[in-house]
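One structure is given below, encoded as structure tokens.
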Amino acid sequence: MPYHADVIGSLLRPSYLSEARAALAAGRMSDEEFKRIEDRAVDQAIAMQEGCGLDVINDGELRRFSFLDHLLGDMEGVADIPGAPITFHGPDPAQDWEWQPPVTVTGRIRPKGPMMTIEEFSYARGRARVPVKMTMPSPLVMYGAWSPEHSRAAYSDPFELFADAAEIIRAEARELARLGCTYIQIDSPDLGTLVDPENRALREGLGISTERTLTEGVDIINSVADVPGVTFGLHICKGNNKSTWIATGGYDFTADKVFTRSPNFDVFLLEYDDERSGSFEPLVNVPDDKVVVLGLVSSKVTEIEPADELIARIDEASRYVGRERLALSTQCGFSPVSIGGNLISEEIQQRKLELVADVAHKVW
């Protein structure tokens, strides 16, 4: 570490994979046939990323419905009651839409099935020629599934729920480490969206204190990364679905707490694709032993960023973090949910990843 040409996670699902998943759900395809098609999609995702020249790859999260599957997927202690509505915004207010977590916590949470990342990592490691990164959600992403009405019988306090979620993620990280995984990314839209007053108000309305989130909550997230032999990255995201976002705001609001209360994390992967992310100045709060991956290349828009502009922005960021402790990536994944990825083509996706690798190898 660092990998100067880094990758965030999800990739657009090929149409043949989406069609196969629908056929499986409808009973028109066997599990065995679907698995062969899923493996083919992962093989192509790995080959594409390696062909782009990235220093590290993953399987595109192609085996998942969403990046939240570990905590909002097949879990005991939840009921099919939609959670608190969260608003996604687009450049035009007419593009705004609401997303609700599909479940609400009603009991003590516990996974029903085996750890999903074990198959993901074992398969990708056997196919890849470069290091494989695994991604899992922050335990605090469950804030939208917390209900003062339905959840208190099991958890008198939402932070008790977050602590249980952290143990689930940490157990999976330990098993990945045992299998030889050396790089795990925790996806944290819960911290990224906290910069926006609208999202803070939503959580405060659920009884989830902003002050506690930035202290006790950050400590809970940090506890996930207490696994020897693994480089942990914290990806701070402001929401990403169908080329829309949840939050607007720079890192000034969270930098002094998040960067200094996260000693178990080695890498901070930060969205910096447009003016919504603010300036690089808050990076002065990053401890000297940490790496910052600049998410300068947008996974939301079709325009290809000029390489010289990216290099100029890296130069600007190096005023606050030493150049050798910087790296480059897209600002987020391309399809955090299997249906309705960002509004770009697979060709543009590949060109964006090639751009990340080309600029990184030029700069470093």
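The values are calculated or read from the model by the stated rules, or taken from the named source; none is laboratory data. Only a predicted model underlies this, so the values are computations on that prediction, with no experimental measurement involved. As a convention, Cβ positions derive from the backbone with ideal geometry for all residues, glycine included, and neighbour counts pool all protein chains shown. Heavy atoms of the whole protein, side chains included, go into the accessibility calculation; ligands, DNA and RNA do not. Shrake-Rupley method; radii C 1.70, N 1.55, O 1.52, S 1.80 Å.
Among the residues making up the range 95-112, those that are open to solvent by 20 Å² or more (accessible area, probe 1.4 Å) and either farther than 24 Å from SER147 by Cβ or touching a Phe, Trp or Tyr at 6+ places or on another chain (Cβ under 7 Å) (or both) are GLN95, ASP96, TRP97, TRP99. Taking the range 126-150 as the range and being hydroxyl-bearing (Ser, Thr, Tyr), in contact with a strand residue (DSSP E or B) (Cβ under 9 Å, 6 or more places away or on another chain) and under 16 Å from ARG212 (Cβ atoms) as the test, only SER138 passes.
Annotation note: of ASP252, ASP288, the sole residue that is of a type outside the set (A, V, I, L, M, F, W, C), surrounded by fewer than 17 Cβ atoms within 10 Å (Cβ to Cβ) and out of contact with any Pro (no Cβ under 6 Å at 6 or more places or on another chain) is ASP288.
Look at the range 221-245: where a residue is touching a residue at least 12 places away in the same chain (Cβ under 8 Å) and more than 12 Å from ASP266 (Cβ to Cβ) and a partner is part of a strand (DSSP E or B) and open to solvent by 20 Å² or more (accessible area, probe 1.4 Å), sitting 6+ places away or on another chain with Cβ atoms under 8 Å, you get LYS238/TRP245; GLY239/TRP245; ASN241/TRP99; ASN241/VAL337; LYS242/TRP97; THR244/HIS89; THR244/TRP97; TRP245/HIS89. Every condition in (1) farther than 24 Å from GLU120 by Cβ; (2) in contact with a helix residue (DSSP H, G or I) (Cβ under 9 Å, 6 or more places away or on another chain); (3) open to solvent by 20 Å² or more (accessible area, probe 1.4 Å) is met by ASP219 except one, and the failing one is (2).
For residues in the range 1-31 being of a type in the set (Ser, Thr, Tyr) and over 20 Å from the mean Cα position of the chain (by Cα), which is farthest from VAL230 (Cα to Cα)? Selected residue: SER30. For the range 113-127, a residue qualifies if it is open to solvent by less than 60 Å² (accessible area, probe 1.4 Å) and of a type in the set (A, V, I, L, M, F, W, C), and the qualifying residues are ILE118, PHE121, ALA124. If the condition is being closer than 30 Å to THR182 by Cβ and open to solvent by less than 10 Å² (accessible area, probe 1.4 Å), then the range 128-158 contributes LYS133, MET134, THR135, MET136, PRO137, SER138, PRO139, LEU140, MET142.
Residues in the range 13-40 that are part of a loop (DSSP other than H, G, I, E, B) and either under 24 Å from ILE348 (Cβ atoms) or not charged (D, E, K, R) (or both): ARG13, PRO14, ALA26, GLY27, MET29, SER30.
Candidates are the residues of the range 46-67 that are within 14 Å of the chain's Cα centre (by Cα) and open to solvent by 20 Å² or more (accessible area, probe 1.4 Å); the one that is modelled with the lowest pLDDT is PHE67. For beta carbons closer than 9 Å, sequence separation of 6+ or different chains, a first residue in the range 49-71 that is more than 18 Å from TRP364 (Cβ to Cβ) and a second that is hydroxyl-bearing (Ser, Thr, Tyr) and open to solvent by 10 Å² or more (accessible area, probe 1.4 Å), the qualifying pairs are ASP59/TYR123; GLU61/SER338; LEU62/SER338; ARG63/TYR123; ARG64/SER338; PHE65/SER338; SER66/SER338.
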